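The values are calculated or read from the model by the stated rules, or taken from the named source; none is laboratory data. Note that this is a predicted model, so its numbers are computed, not measured. Reconstructed Cβ throughout: ideal geometry from the backbone, glycine too, with neighbour counts over all protein chains shown. Just the protein is used for accessible areas: all its heavy atoms, side chains included, with ligands, DNA and RNA removed. Shrake-Rupley method; radii C 1.70, N 1.55, O 1.52, S 1.80 Å.
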Amino acid sequence: MTLRQNIYTYISRLTASIALLTCMLTANAQGKLFRIEKDTVPLLNGFAVSVDAAGPIILALSDYGEYEAAVRLNLHNQYYPIIEVGYGMAEHDDEVTGLYYKTEAPYFRLGCDLNLLKKKNSINRLYAGLRYAFTSYKVDIARPTFEDPVWGWDTGFSVSGDQCNQHWAEVVFGLDTRLVGPLHIGWSVRYKLRLAHKDSSAGKTWYVPGYGKYGDTRIGANFNVIIDI
């Protein structure tokens, strides 16, 4: 074997060794880069209780409103199953139609929120969720007796304790932030879609507990005071 051949063989082996070492280092670096670290957040990471402050304020300023509270589980700082229970009421005199409405009843919502923040351990939360809601309520509807000016007959009527119900869905988007210790405040916006309903025999109900004033869809909002436990 000549000197030139020896040099060629040495360079070839050195090049192959460098290439192999480079591949090993690259693979090791990629393993560190893409390694998924074990999540230290437990599956059940506590729960929270909350009350809605907006409903009582609306009730004090108008002729309808709700009292509402909720219990929310914290699963992995990522998923938040929630149960919301409230009591809605209304008493309303319609100046245009002369109709009187009165109702009060509990309502229930069941759903789950998803944490949208990349940092799951943040003291703030940005979330979106879905709800299924239901209420069964009785309504009083009446109109004072007066004579029809054209036909002359009595147009007054009264319905008391007429049984109604409604099922609806909600798409929720909200956020909350910590004030001090376990105390949080937050707000949420809700798009409500009626799924099924049974109205009064006297016609449409002016207000549905938990859903709000009558309609196929509506936008609602909550202002929550929350305590993490």
Exercise. State whether the residues of the stretch 114-125 include one that is modelled with pLDDT under 95, under 21 Å from the mean Cα position of the chain (by Cα) and surrounded by 15 or more Cβ atoms within 10 Å (Cβ to Cβ).
Key: yes
Expected output for the stretch 108-126 (first residue within 20 Å of residue 183 (Cβ to Cβ), partner of a type in the set (Lys, Arg) and open to solvent by less than 80 Å² (accessible area, probe 1.4 Å), Cβ below 9 Å, 6+ apart or cross-chain) is 113/72; 113/125; 115/125; 117/125
Among (1) more than 20 Å from residue 170 (Cα to Cα); (2) outside any loop (DSSP other than H, G, I, E, B), residue 110 falls short only on (1)
Conditions (1) under 22 Å from residue 211 (Cβ atoms); (2) of a type outside the set (A, V, I, L, M); (3) open to solvent by less than 40 Å² (accessible area, probe 1.4 Å) -> residue 98 fails only (1)
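Could you grab me the full set of residues in the stretch 65-82 that are within 15 Å of residue 221 (Cβ to Cβ) and not hydrophobic (A, V, I, L, M, F, W, C)?
65, 66, 68
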### Message
Going residue by residue through the stretch 71-94, is there one that turns out to be touching a residue at least 60 places away in the same chain (Cβ under 8 Å), open to solvent by 60 Å² or more (accessible area, probe 1.4 Å) and in a loop (DSSP other than H, G, I, E, B)?
### Response
no
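Being open to solvent by 70 Å² or more (accessible area, probe 1.4 Å), modelled with pLDDT of 90 or more and not charged (D, E, K, R) narrows it down to one of 189, 208, 180, 172, so name that one. Break it down into steps so the answer makes sense when it comes.
Values: 189 fails: open to solvent by 70 Å² or more (accessible area, probe 1.4 Å); 208 fails: open to solvent by 70 Å² or more (accessible area, probe 1.4 Å); 172 fails: open to solvent by 70 Å² or more (accessible area, probe 1.4 Å).
Exactly one of 189, 208, 180, 172 is open to solvent by 70 Å² or more (accessible area, probe 1.4 Å), modelled with pLDDT of 90 or more and not charged (D, E, K, R), namely 180.
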What about residue 104, is it closer than 30 Å to residue 158 by Cα, open to solvent by 60 Å² or more (accessible area, probe 1.4 Å), at pLDDT 95 or above and in contact with a Gly (Cβ under 9 Å, 6 or more places away or on another chain)? yes
